[in-house]
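**Q** One structure coming up, written as structure tokens, with questions to follow.
The values are calculated or read from the model by the stated rules, or taken from the named source; none is laboratory data. It should be emphasised that the depicted structure is a prediction, and the values quoted were computed from it without experimental measurement. Note that each Cβ is placed from the backbone with ideal geometry, even for glycine, and that neighbours are counted across all protein chains shown.
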Amino acid sequence: MPDNRVTSSDFEIALKKGRPPNISKLFPHSKALIVSGKFIDRAMLTKGHAIAMAANGRNQFVIRGALRAAQRADAAIILEIAKSEGGANAYCAVNYWNIARQVDAICNEMGISIPVAIHADHYGIKNDKDIEAAKIEIPTLFDAGITSIAIDASHMPDDKNLLASLELNPYVPAWAGLETEVGEIKGKEGLSTVEEALFLIQGLNAHDIFPNWIALNNGTIHGLEASGQGIQVDLTAEIHRALEKYKVSGAQHGTSGNSSERLKEIVNKTRTTKANVATALQMISWGLGVNDYGNAILDDDGNFIKVSDQGVTQEMWQEMIAYAESKGLKGGNYKKLNLPFENKLLGQSKEIRDRMVNRVESFVYNMLVSVFNAEGTAPIVINDIIAVGSFDPGPKAERIEDPKDWTPEKIIQRASLIVSDKGPEGDFED
């Protein structure tokens, strides 16, 4: 690795050159280095076999802990929130429109100097009505400080997925990081195929759209992993090899239910540069018992185990349990406690708030350094910004496919020939 040390003058140059227009406008006097997701992807590729954590900031304690851990590890990081978590029908107080403001304020408060991307994850599109609404809503996300987005139309058939992505692309700034998705996250059901992934990426390529990441259904789930199946590393590697000439990286969803060893396999055997961590960080911040990779441990009755001197107070946890029982919330649906309890958690004593943040920091730091190999990627981003001299490094790829082969009519025809199992119907939101 080259010498990637960064001086204070280097940081000031990166701050001046690297912040996208929406960030500079929103936070003109800020010292927070909020950047396009493109730079984060590029840094992981430059280091090699490195993955950026995309921490779902479901509460402020997760945001604080993740940023502090990234600062310690000198690692670039992504802070994100998904449409189900923080969209118009949110179950978290942190949302698409305030996450950038929270991250910026916390970075300035704590002296955070590592590069951070703000990602709108799983911007879900399920029908034509959603497409029309997205044309209005997506620009508002960038107005509020988002610097990277996942257009997720994987809930629809392959042709509609691609056509929706093409129709919505003009509403995403050219400088922003872009993620696309094939196959809903359904665990062992409806696994993605090489054919489906190629169809999506080739169709985008033909229209000069070059995503930074593609997310797959490669065997994992959102929330609590109980099956033990987890990520299918060989399948992931096979699809990434098939997409190699299109220079798209992998985005790994649902990491919370997978062991460190399996995640290290993803680091070393695939082209993954982004890994989402959501449920684990929520549970850790609350002080629940988790195994070494963040999956909640349940007692013999299937209940969560509260660690007495960690996370929220015992009294607060009992209040959270009572509320969950009154609403019929169990297991992974404890995520819906985030919105009604955010202010209650912020109203705890400093000692309690600090231990919530500290527990998240400890977990994230270990993941960044010991699992994802992201340590030292912050200087790579800063030096890349200086070398490029802009907030936009440009696309990684170039057009290979012929647009004449990817008209709407031909897209529909091509999709009709794809043979795949989409898995069961149902609600597979994160």
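**Q** Exactly one of these conditions fails for Asp121: (1) in contact with a helix residue (DSSP H, G or I) (Cβ under 6 Å, 6 or more places away or on another chain); (2) outside any loop (DSSP other than H, G, I, E, B); (3) closer than 21 Å to Lys38 by Cβ. Give me its number.
**A** Asp121 satisfies every listed condition except (1).
**Q** Could you pull out every one of the helices (runs of 4 or more DSSP H) wholly within region 1-118 that has 3 or more residues that are of a type outside the set (D, E, K, R) and more than 27 Å from Gly294 (Cα to Cα)?
**A** Values: elements: 8-18, 21-26, 37-47, 60-73, 83-86, 99-110.
Filter on region 1-118 gives 8-18, 21-26.
**Q** Among the residues of region 334-356, which ones are aliphatic (A, V, I, L, M) and crowded, with 22+ Cβ neighbours inside 10 Å? First the steps, then the outcome.
**A** As a first pass, look at region 334-356 and keep what is aliphatic (A, V, I, L, M): 337, 339, 345-346, 352, 356.
Scanning region 334-356 gives Leu337, Leu345, Met356.
**Q** Further question on the same structure: Are there any pairs, at least 6 apart or on different chains, whose C-beta atoms fall under 7 Å, with the first in region 255-269 and more than 9 Å from Ile231 (Cβ to Cβ) and touching a residue at least 12 places away in the same chain (Cβ under 8 Å) and the second among the small types (Gly, Ala, Ser) and part of a helix (DSSP H, G or I), and if so, which?
**A** Note: pairs meeting the criteria are Ser256/Ala280; Lys269/Ala237.
Per-residue answers, yes or no, for (1) more than 23 Å from the chain's Cα centre (by Cα); (2) within 26 Å of Asn218 (Cα to Cα):
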site: Glu265; (1), (2): no, yes
site: Trp286; (1), (2): no, no
site: Ala296; (1), (2): no, yes
site: Asp301; (1), (2): yes, no
site: Thr313; (1), (2): yes, no
site: Asn338; (1), (2): no, no
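**Q** Oh, and also: Starting from residues that are buried (at least 19 other Cβ atoms within 10 Å of the Cβ) and free of Cβ contacts under 8 Å to residues at least 60 places away in the same chain, keep the ones in region 114-129 and report whichever is nearest to the chain's Cα centre (by Cα).
**A** The initial filter retains those residues of region 114-129 that are buried (at least 19 other Cβ atoms within 10 Å of the Cβ), namely 114-125.
Cutting the leftovers down to free of Cβ contacts under 8 Å to residues at least 60 places away in the same chain gives us 120, 123, 125.
Working: Ala120: 8, Tyr123: 11, Ile125: 17 Å.
Looking at residues that are buried (at least 19 other Cβ atoms within 10 Å of the Cβ) and free of Cβ contacts under 8 Å to residues at least 60 places away in the same chain, I get Ala120.
This table checks each residue for (1) at pLDDT 95 or above; (2) part of a helix (DSSP H, G or I).
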residue	(1), (2)
Thr273	yes, no
Ser285	yes, yes
Gly294	no, no
Asp300	no, no
Gln310	yes, no
Trp317	yes, yes
Ile321	yes, yes
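**Q** Here is a follow-up. Collect the residues in region 15-68 that are under 30 Å from Glu342 (Cα atoms), within 19 Å of the chain's Cα centre (by Cα) and among the aromatic types (Phe, Trp, Tyr), keeping them in residue-number order.
**A** Phe61 - this is the single residue of region 15-68 that is under 30 Å from Glu342 (Cα atoms), within 19 Å of the chain's Cα centre (by Cα) and among the aromatic types (Phe, Trp, Tyr).
**Q** Quick check: is even one residue across region 96-113 under 21 Å from Asn358 (Cα atoms) and within 16 Å of the chain's Cα centre (by Cα)? Show your work before the answer.
**A** Here is the first cut: in region 96-113, the residues under 21 Å from Asn358 (Cα atoms) are 99, 102-113.
Now restrict to residues that are within 16 Å of the chain's Cα centre (by Cα): 99, 103.
Yes; the residues of region 96-113 include at least one that is under 21 Å from Asn358 (Cα atoms) and within 16 Å of the chain's Cα centre (by Cα).
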